[in-house]
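Worksheet: one structure, shown below.
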Amino acid sequence: MSSQENTVENPEREEATDDKVEITQTNSPETEEEFGKVSEETLEESSLPEDEQNSAEDEQTKAPDGSDDASEEETDAMRAERLESELVESKDKYVRLMAEFETFNRRSTQEMQSRFKFASQSLVTNMLSGLDSLERAIEQAQEEENESLKEFVTGIEMAKQQFYEAFSKNNIVRIVPKGELFDPNRHEAMGVIDTDEVEPDHVAEVFQAGYLLHDRIIRPAMVQVAKKIK
């Protein structure tokens, strides 16, 4: 019984396998054609050089709206703006530095000129006290009218005159402002006197001569100022 059942079932199985073969046979041309297309595309892609493949990938990855170019242009503009700002700042620093240098150079030159111009001031100031004593001694000797001292006084006056000449050669001017208008910048008032001989606010008497070195007062003249009699 079993053998007969097997023989009966075999024809059914054979028919089923035949159907499968027919299905695979009917589908095989299309699948082969598609497979052939895929294989050809794969072969073409594999046959491309690496550079072309990379460029193709880069083109695919690039944004279609050109954002990279825009960002590069923006970066260049920012860099140019920064460089221009630095250039303006450097020019400003250079101008200020040159102005400061010119000011320093001018000030240094003026200080040096002033130093040389008034270099003899301290020496003259120290000599004035001795010259004042010499002048007072001559005045007292002249008042006594001693004949034996005339020649001696004449010699002292010649020495005094040599002092004056040396001062004049070195731009030192002796100030004896009798009769001049009182000037507080050049004169030192020691008192006021009522008199009609001199105009009011003018120097009536000089107690001590003043001295001027170039345009600087090294000692003001000690004077007495006239006042109008009421």
So, in nm, how far is label Asp194 from label Phe101 when the simple model puts each one 7 Å beyond its Cα toward the Cβ? 7.0
Extension reserve of the Glu165-Leu181 stretch, reckoned as 0.36 nm per residue once the Cα distance is removed: 3.1 nm
Rounded to 5, the percent of DSSP beta bridges in the stretch 118-227 classed as antiparallel: 65
With every atom except the alpha carbons ignored, what do you get for Rg and Dmax of the stretch 118-227, in angstroms? 15.7, 43
Pop a pseudo-label 7 angstrom from the Cα along the beta-carbon direction at both Glu145 and Leu83 and give the gap in nm to one decimal. 10.0
Set the Förster distance to 25 Å, then compute FRET efficiency between Ala119 and Val173 from the Cβ-Cβ distance, nearest 0.05. 0.90
Phi-based couplings in Hz for the stretch 145-151 (Karplus 6.51, -1.76, 1.60; Gly and Pro marked x): 6, 8, 5, 6, 9, 4, 5
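Bear in mind that the values in this text are calculations on the coordinates, not laboratory data. Computed from a predicted structure; not experimentally measured. In this analysis, Cβ positions are derived from the backbone assuming ideal geometry, glycine residues included, and neighbour counts consider all displayed protein chains.
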